[in-house]
1. For chain B, build the charge dipole from Cβ charges (+1 Lys, Arg; -1 Asp, Glu) around the Cα centre, then report which of B:Ile23, B:Cys33, B:Met154 sits farthest towards its positive end.
2. With the cut-off at 23 Å, tell me which of the pairs A:Lys9/B:Lys78; A:Lys20/B:Lys118; B:Lys124/B:Lys169; A:Lys20/B:Lys182; B:Lys87/B:Lys124 have Cα atoms farther apart than that.
3. With +1 assigned to the C-beta of every Lys and Arg and -1 to the C-beta of every Asp and Glu, and no other charges, what is the dipole magnitude of segment A:3-52 about the Cα centre in debye, to the nearest 20?
4. With Cβ to Cβ distances under 10 Å as the rule, what net charge do the other residues near B:Glu143 carry (K, R +1; D, E -1)?
5. Provide A:Met67, A:Met89, A:Met56 in ascending order of the number of other Cβ atoms located within 10 Å of each residue's Cβ, fewest first.
6. Please average, across the residues of B:49-56, the number of beta carbons from any other chain that are within 10 Å of each residue's own beta carbon, and give a whole number.
7. Using just the helices of chain B, give the 222 nm mean residue ellipticity in deg cm²/dmol: DSSP H runs with n ≥ 4 each add -39,500 (n - 2.57), and the total is spread over all residues, rounded to 500.
8. Quick one: longest stretch of chain B between exposed loop GluC sites (Glu not before Pro), exposed meaning at most 16 other C-beta atoms within 10 Å and loop per DSSP?
Amino acid sequence: MNCNDTQNKLIFYIDGELSKSESSEIENHLDRCNNCNILYQKLKIDLSILSSERIMEIDVNFTESVMQNIRNIESFKISNRQKTLNFLMPFAVAASIILIISVGILFGNMGTNKTSTQISGSESEVFYINDLEQESLEFNLINE
Amino acid sequence: MDESKLIKRILEGEKELFSELVISYQKEVINICNGFLHDIDSAKDVAQEVFIEAWKSLSKFRGDSKFSTWIYRISVNKSLNYLREIKKKLTEDISDNELKISDDENSAIEKEFEMSQKMELIHKSIDNLAENQRTAFVLSKFEEISYKEIAETMNLTISSVESLIHRAKTNLQKELSGYYKKN
């Protein structure tokens, strides 16, 4: 394996992704070639930095901070809902009053209509009696 | 407790149980965010946003995929959005202060030369990868997530993920080797 091939495969060698035969070819080359060996050492150190940056432990404060944010969002939602309710309450009360008054007027009108129906019913009754051509009481008294 | 039962109970009103999901996934989420942002404090801030987003959208989680895949996807999206916002802000600042920046350009270049610290070098190399290569690389390197789960997270086939990671590593090696040879 020449320098170019070795250098192109160094990162995969460091990550242990090469076959056994390829790995041993690279190892042989690194034993012989000082330039490639220096490159390999530098690359290995730099890539190990990435692993050292990883956090490995759970942070309780982080969890608490997330939960506190969520509680704030939820209480903000509730307070917004309360504000909306407070804003709408006078309108709701006014609408209820108007509704009650309207219903009252409607029922009142229905009662009035019923009385006038009764009156017209007795008129037609009188008319019916007259239709039978019965003479009225006044007429009989005059004739006597 | 079984994860799907846990989610069901949270949705039914036992909100405090959400902390169990935070405990289970905080390490993975922070590490993924840090893989993109290279700054643990910013990573923790973005991870907070990830969990809050997960909380808000939990009712939309249908359980078709694993919860882990779902939250990894949110982590990737939030991190990339954060980086885009930072980039946009930097661009705006540059156009607003064009003269000032051009004055500072020399010192910035000097600073870049001073950036011999290995951490900055490798971070820069990762940042230079194409977005999909970077995403696949970060998921595999920072949280050692399986190729199968990376494929589900990125909506790709496993072979595409393998190819992306291979290309990411090749490019990363080229970038680093180039730097070593120059210096």
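1. B:Met154
2. Exceeds cut-off: A:Lys9/B:Lys78; A:Lys20/B:Lys118; A:Lys20/B:Lys182.
3. Approximately 140 debye in magnitude.
4. 0
5. A:Met56, A:Met89, A:Met67
6. 3
7. Result for chain B, helices only: -27500 deg cm²/dmol.
8. B:15-143
All of the numbers you see were taken from the coordinates with simple rules; none came from a lab. Note that the structure is predicted; figures quoted are calculated from it, not measured. In this analysis, Cβ positions are derived from the backbone assuming ideal geometry, glycine residues included, and neighbour counts consider all displayed protein chains.
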